[in-house]
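Let me begin by presenting the structure, written as C-alpha cells, before commenting on it.
The values are calculated or read from the model by the stated rules, or taken from the named source; none is laboratory data. Being a predicted model, the structure only gives us computed values, none of them experimental. Please note: Cβ atoms are built from the backbone with ideal geometry, for glycine as well, and neighbour counts cover all protein chains shown. Heads up: the accessible areas ignore ligands, DNA and RNA and are worked out on the full protein's heavy atoms, side chains in. Shrake-Rupley method; radii C 1.70, N 1.55, O 1.52, S 1.80 Å.
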Amino acid sequence: MVRTLTTAATGMQAQQFYMDNISNNLSNLHTVGFKRTKVEFQDLMYQAIREPGVRNFEGGMAPAGIEVGLGVRSSSTNRIFEQGAPEQTSNPYDVAIFGEGMFQIMLPDGSTAYTRDGTFKVSSDGSLVTSSGFFVLPQVAIPEGVSGDNVMISGDGRISVLMPGDINTTEIGQFELARFINPSGLRALGGNLFGATDASGAPIISTPTEDGAGALQQRYIESSNVNLVDEMVNMIGAQRAYEIVAKAIQAGEEMLQVANNLKR
C-alpha cells in the first residue's frame, strides 16, 4: 500500500506540472511571437518481481514477467515553433517573420539573444530597438528627419528610407535572421527572448528569404501560436487526471486502515 501512495503521488506531481505549463501557455495567449510549450512524460523505474523467461520448478518457462511501475516524471518541455497568425498593425517598425528564423538582439552585457517578437521602436538616437530598449542586430539607425511613413522594409530584409527632398529611396540597413538546427533547445530568457545553448547548436545567420530563412512583412506582427481550445481541453484532462490519482491515494489509505484494523 505504501507503494500505491508514493506512485500516485508522482502522478499528482506530474499533473500539477502539466497544469503549470498549461497556465503559462494560456497566460501568453496575446504575447507577440510566443511559442507554446508541451510537457513530455516518462515512466519511472519498475520493480521486477519475476523476470520474463524464468523457468518454474516444473521446468516451464514463464512467457511474461511480473513488474510493478513506480510512477511517472516529466522528462522535458518541448517548445513548439509553429507559425503564429499574422496580425496587421499601424506601426511602420513592426515586422513579422513568415517562415523560419529569429531576430538578433543585443543584450546590455553584449551577448546576443533571439526573438520572434518584431514590435520594434526607434530610440532617442534613431536606433532600432525592442520594446525593452535592446538594440536590434545588425544595428540600424533611422536618419534624423525621416518619419515612419517613409521607412520601407522589404521581404528580404532591406531597410530603405525616403530622405526629405529626395525622390529615390536610400538603403540604410539589412535585417539578418538566425536559425537553429534544434530550436527546441533554446533557453527561454523571458521578455520574449531566447538564448542559444549547446543543445540548440550555433546560430545559422542568413538573409531573409535565403538559405531557408523566412520572409519579412512590414506593419505586421506574429501572434502567439497558443490554441485556446486545445489548452482548455488539456486543462480539463489534467484536472480529471489529478482527481483520479488523488482518489487512488485515498483508496490506498482506506485499504491500509482495513489492514490495520484486522486485529480489532
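Among (1) open to solvent by 50 Å² or more (accessible area, probe 1.4 Å); (2) within 30 Å of GLY190 (Cα to Cα), where does LEU70 come up short?
Tallying (1) open to solvent by 50 Å² or more (accessible area, probe 1.4 Å); (2) within 30 Å of GLY190 (Cα to Cα), LEU70 fails exactly one: (2).
Among the residues of region 90-121, which ones are hydroxyl-bearing (Ser, Thr, Tyr), buried (at least 16 other Cβ atoms within 10 Å of the Cβ) and within 19 Å of MET152 (Cα to Cα)?
Once the filter is applied, which keeps residues that are hydroxyl-bearing (Ser, Thr, Tyr), buried (at least 16 other Cβ atoms within 10 Å of the Cβ) and within 19 Å of MET152 (Cα to Cα), region 90-121 yields TYR93, THR119.
Being in a loop (DSSP other than H, G, I, E, B), open to solvent by 40 Å² or more (accessible area, probe 1.4 Å), among the small types (Gly, Ala, Ser) and at pLDDT below 95: is that true of SER131 here?
Here the answer is yes, as SER131 does meet what is asked.
Taking the stated definitions as given, is MET45 over 17 Å from VAL233 (Cα atoms), open to solvent by less than 50 Å² (accessible area, probe 1.4 Å) and modelled with pLDDT under 95?
Taking the combined requirement at face value, the residue does not satisfy it.
Can you tell me which residues in region 1-35 are open to solvent by less than 40 Å² (accessible area, probe 1.4 Å), closer than 30 Å to THR119 by Cβ and of a type in the set (A, V, I, L, M, F, W, C)?
ILE22, VAL32, PHE34
Checking LYS38 against (1) under 30 Å from ASP117 (Cβ atoms); (2) open to solvent by less than 40 Å² (accessible area, probe 1.4 Å): exactly one of these is not met. Which one?
Of the numbered conditions (1) under 30 Å from ASP117 (Cβ atoms); (2) open to solvent by less than 40 Å² (accessible area, probe 1.4 Å), the odd one out for LYS38 is (2).
Could you check, for region 157-178, whether at least one of its residues is open to solvent by less than 40 Å² (accessible area, probe 1.4 Å), among the polar types (S, T, N, Q), assigned to a loop (DSSP other than H, G, I, E, B) and more than 25 Å from ARG36 (Cα to Cα)?
No: region 157-178 contains no residue that is open to solvent by less than 40 Å² (accessible area, probe 1.4 Å), among the polar types (S, T, N, Q), assigned to a loop (DSSP other than H, G, I, E, B) and more than 25 Å from ARG36 (Cα to Cα).
If the requirement is being modelled with pLDDT of 90 or more, within 19 Å of THR6 (Cα to Cα) and not in a loop (DSSP other than H, G, I, E, B), which of these qualifies: GLU243, GLU253?
GLU243
Of everything in region 194-209, what is assigned to a strand (DSSP E or B), open to solvent by 20 Å² or more (accessible area, probe 1.4 Å) and either closer than 13 Å to LEU107 by Cα or in contact (Cβ under 8 Å) with a residue 60 or more places away in the chain (or both)? Give them in sequence order.
ILE205
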